Amino acid sequence: MSDHHLFGLFVRRFLLEEVVADRNLTRNTQHSYRDAIRLLFGFMAERHATDPTRVTVEQVTATVVRAFLVYIEQERGNSVTTRNQRLAAIHSLFRFIGRQVPELVEQATHIQAIPPRRAPTAVMPYLDKNEIDTLLAIPNRQRAQGRRDYALLLFLYNTGARASEAAGVTVGDLVLGAAPAAHLLGKGRKKRVCPLWTHIADVLRGLLGTHAQGPQDAPVFLNVRGKPITRFGIHTMLARTVEKAAATTPSLKCKRVSPHTIRHTTAVHLLRAGVDINTIRAWLGHVSLETTNRYAEVDLEMKAAALETCAVHEAEEPNHQVPHWRGDTDLMEFLMAL
């Protein structure tokens, strides 16, 4: 086999040219693609006794990829979601290979035809209004750290920002005048603007003080050492706050609360307040409307549960004769004939 069909050469070009240079994918996505390919090389070396440096593209068939997917699920114990992420990386790699080498298009097409597995829909966690209020009441706003914690919690709830987005907010990203807003940099380096409540604009002005007129690239949220807070620092702050709040609001003990839970909470509360689904999509920075529609499903479940509590049941109308469906033989014969 000629050298230009060595798998490693295409992998190198794919990661450097396609992933980094052309598509400019986020660092996390780059790492995800790299890890998927690294695992695939390891699988080939272990199961097929093949030196990774000598693996050819032709050896990585659709059958091998399917076996690899079974391996990462059954032997490595990866979830369906992780399995689908690995497959997405392989799909992207072979899409690139198919464009580079016409004679490999058929093989690439077979691999791209391997479908993702349907993952079970996880229950979307969110907080009720009283639980959010309890969290916001925990920080001691007489102290600098408490003021930071309160402002950060309020910012997460107002904007629905991801932890990484909140950690990256700078002074220049905030508009704290007559129409307060925050500019956020989300997944795929997509920018969006979220309106801010007047109250949080006041809180942020108080938090920044004279720094509001300082360098535009200065971070808004700092840790106790005066350095920019990280997304891990935000997770730690929230965990600490939830632990204290659970003492007075026991329902929090039964919920796994993360910054993403606050993000879900923002969406559900906006929906319940009458904000349309497309506005919420733009607010949260979702690429797909399908993602945002999950909140509509949650809202419908809540409304159905509320409706059930005031439903009129048959026992309350003793004189009402309900026809038995088996009595309509013509209808049943019609349905059976379809």
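The values are calculated or read from the model by the stated rules, or taken from the named source; none is laboratory data. Being a predicted model, the structure only gives us computed values, none of them experimental. So basically every Cβ, Gly included, is an ideal-geometry build from the backbone, and we count neighbours across all protein chains shown.
Looking at (1) of a type in the set (A, V, I, L, M); (2) in contact with a Ser or Thr (Cβ under 9 Å, 6 or more places away or on another chain); (3) touching a residue at least 60 places away in the same chain (Cβ under 8 Å), can you tell me which one residue 88 breaks?
Every listed condition holds for residue 88 apart from (3).
Quick check: is even one residue across region 217-225 part of a helix (DSSP H, G or I) and surrounded by fewer than 20 Cβ atoms within 10 Å (Cβ to Cβ)?
The answer is no, given that none of the residues of region 217-225 is part of a helix (DSSP H, G or I) and surrounded by fewer than 20 Cβ atoms within 10 Å (Cβ to Cβ).
Is there any pair linking a residue in region 180-208 that is over 15 Å from residue 281 (Cβ atoms) and in the same structural domain as residue 260 (by TED's automatic domain parsing) to one that is of a type in the set (D, E, K, R) and surrounded by fewer than 14 Cβ atoms within 10 Å (Cβ to Cβ), with Cβ under 7 Å and at least six apart or on different chains, and which?
183/191; 185/191
Per-residue answers, yes or no, for (1) of a type in the set (Val, Ile, Thr); (2) under 18 Å from residue 143 (Cβ atoms):
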{"site": "198", "(1), (2)": "yes, no"}
{"site": "202", "(1), (2)": "no, no"}
{"site": "218", "(1), (2)": "no, no"}
{"site": "224", "(1), (2)": "yes, yes"}
{"site": "230", "(1), (2)": "yes, no"}
{"site": "237", "(1), (2)": "no, yes"}
{"site": "240", "(1), (2)": "no, yes"}
{"site": "254", "(1), (2)": "no, no"}
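Pairs please, first residue from region 13-40 and assigned by TED's automatic domain parsing to the domain that holds residue 69 and closer than 20 Å to residue 101 by Cα, second anywhere and not in a helix (DSSP H, G or I) and not charged (D, E, K, R), Cβ atoms under 9 Å, 6+ apart in sequence or on different chains.
Final answer for the pair search is 18/25; 19/25.
Go through the residues of region 59-66 one by one and say whether even a single one is modelled with pLDDT of 95 or more and crowded, with 19+ Cβ neighbours inside 10 Å.
Yes, the conditions are met somewhere in region 59-66.
(1) closer than 13 Å to residue 90 by Cα; (2) within 29 Å of the chain's Cα centre (by Cα): which one isn't true of residue 57, the others all being true?
The number of the failed condition is (2).
Being of a type in the set (Gly, Ala, Ser) and outside the structural domain of residue 192 (by TED's automatic domain parsing) is the filter; apply it to region 114-170 and report the residue that is surrounded by the fewest Cβ atoms within 10 Å (Cβ to Cβ).
Out of the qualifying residues, it is 122.
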